[in-house]
Amino acid sequence: MKYTFSFLSGFRSASSWFELYATFSTFMMLLRTVINDVVPDKVRTYITTKLEEFFSYSPPDNMVSLTINQSWDERCGNNNQLYEAVFYYLPLRVTRTYKSLKIGKLDERKDLVFAVDAKEEVVDEFEGIKFKWVLDDGSKDEERVSNKREFKLSFHEKHREIVVKKYIPYILGTYETMESERRIIKLNSWSYHDWNGTDLSHPATFDSIALDPELKKSIIDDLERFLKRKEMYKKVGKPWKRGYLLYGPPGTGKSSLIAAMANYLKFDVYDLDLNSINSNSELMAAMRRTSRRSIIVLEDIDCNKEVNTRLNAPRVPYDTDSDELLGACLDDDFKVDDANVDDANVDDAKGDTFTLSGLLNCVDGLWSSHGEERITIFTTNHVEKIDPALLRPGRMDVHINLSYLKAKAFRVLASNYLDIQDHPLFEQIEDLLEKTEFTPAEVAEQLLRSEDPDIALDQLLKFLTKRA
């Protein structure tokens, strides 16, 4: 130790120590002056920041972090859904308090989009616990490519279980709800062995369609029940899907009801014309390429010869004048008299052609388990022509008879088209509707002819009286 401090041996008096202090202070003042006058502001700020980080930062031992990369597997190009969920979740939580956010308008979104811009730490609070987020966009690392972005979540180690079991699932659930509310519904059609999509612009809703209020409520209740029963379907060993049959005369609102269901659920629609399907393998390929949370529509199914009733098949007892929701819910009260129909031998056709057995396998066989939260809707004007094997519960669970317009549904049309709830002519019009068969499309056409309720209803009354 003696030789280590030998250079200080000359400073034996207090005056010597004072001279050393004065010399050092003068040197520091000169250095500070040089830095302020010569070094650029950005360089000076950078050096100061790094010095502060070096002397002040001390990572606590009880803090842990999780990294959420934008791409889970860069070799396969698999995007990390959790990254996208966090990307849209954080601005939602901190829009009013965050000091620096990016803002933009994207083609596929109706509203403005906010995003974290990696300039500061974000603090989110969940169940009284504060979680710190940082976005690393790779901008400080020249060797990193631009798509290597990641979020880093920091929290106290005692909150590990809450993060994994509650916080992250909450973020994912919030993101799914956001996407469901603002997503643009797509209408897809099958052609040339692929789906071609466009925006579904049909404005029909359950408030606007002319349905008997009780029937409308039954349909909405069934849809809500279906959405909530994922675990129940899993428990009983059934694919999470639902089948509907819409039948009735032309012009009774089958297409409008499908659009209303899609707009209500925020489900994409896949409109599949069976006459464009050439083989069972093509049908399976089409079904495999549909997304979850979708409605698959097979319109006018009676027009396809493969699903028409076979000559020796038993008849189906149908009350085609009933407005009841025949196949209520999961209790399968509605039964089709197809005891003599052997599903396994529905069709013995060989070769890769489109057959009824192929359709049955996609609707209710092993192939039907592909995709979750999916609804299949069949429509027909002639239910008696459809093969009974297709009509049973499990394939078409809910049978909805869209019949002619009656009094209660007429009031919905009058409210939508004329913005009125009552009128002196209502009683006469409703009496004629109960006695005669008119479709909602026919009545709506008459209501469109004038914006004046008195004129429109008078013309409608004359039209109904002439046809009665």
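The values are calculated or read from the model by the stated rules, or taken from the named source; none is laboratory data. Nothing here was measured: the structure is a model prediction, and the numbers come from that model. All Cβ positions, even for glycine, are placed from backbone atoms using ideal geometry, and neighbour counts span all protein chains on display.
As a summary of the residue check, residue 201 satisfies the conditions (1) surrounded by fewer than 17 Cβ atoms within 10 Å (Cβ to Cβ); (2) part of a helix (DSSP H, G or I); (3) not assigned by TED's automatic domain parsing to the domain that holds residue 89; (4) not β-branched (Val, Ile, Thr) except for the one numbered (2).
Among the residues making up the range 415-455, a single one is small (Gly, Ala, Ser), touching a helix residue (DSSP H, G or I) at 6+ places or on another chain (Cβ under 7 Å) and over 17 Å from residue 249 (Cβ atoms): 450. Filtering the range 204-224 to residues that are more than 12 Å from residue 416 (Cα to Cα), assigned to a loop (DSSP other than H, G, I, E, B) and of a type in the set (D, E, K, R) leaves only 212. Criterion applied to 397, 458, 387 was being over 19 Å from residue 250 (Cα atoms) and either of a type in the set (Val, Ile, Thr) or not assigned by TED's automatic domain parsing to the domain that holds residue 217 (or both), and the one residue passing it is 458. Kindly indicate whether residue 104 is at pLDDT below 75 and at positive phi. The answer is no for residue 104.
Would the range 227-236 turn up any residue that is crowded, with 20+ Cβ neighbours inside 10 Å and not in a helix (DSSP H, G or I)? Taking every residue of the range 227-236 in turn, none turns out to be crowded, with 20+ Cβ neighbours inside 10 Å and not in a helix (DSSP H, G or I).
Residue-wise test of (1) in contact with a Leu (Cβ under 6 Å, 6 or more places away or on another chain); (2) of a type outside the set (Phe, Trp, Tyr); (3) modelled with pLDDT of 95 or more.
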{"site": "373", "(1), (2), (3)": "no, yes, no"}
{"site": "376", "(1), (2), (3)": "no, yes, no"}
{"site": "383", "(1), (2), (3)": "no, yes, no"}
{"site": "393", "(1), (2), (3)": "no, yes, no"}
{"site": "412", "(1), (2), (3)": "no, yes, no"}
{"site": "417", "(1), (2), (3)": "yes, no, no"}
{"site": "442", "(1), (2), (3)": "no, yes, no"}
{"site": "464", "(1), (2), (3)": "yes, yes, no"}
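The one condition from (1) within 30 Å of residue 402 (Cβ to Cβ); (2) buried (at least 17 other Cβ atoms within 10 Å of the Cβ) that residue 153 does not meet is (1). If the condition is being on the phi < 0 side of the Ramachandran plot and within 15 Å of the chain's Cα centre (by Cα), then the range 276-295 contributes 290, 291, 292, 294, 295.
Could you tell me whether residue 253 is crowded, with 18+ Cβ neighbours inside 10 Å and either touching a residue at least 12 places away in the same chain (Cβ under 8 Å) or in the same structural domain as residue 359 (by TED's automatic domain parsing) (or both)? The answer is yes for residue 253.
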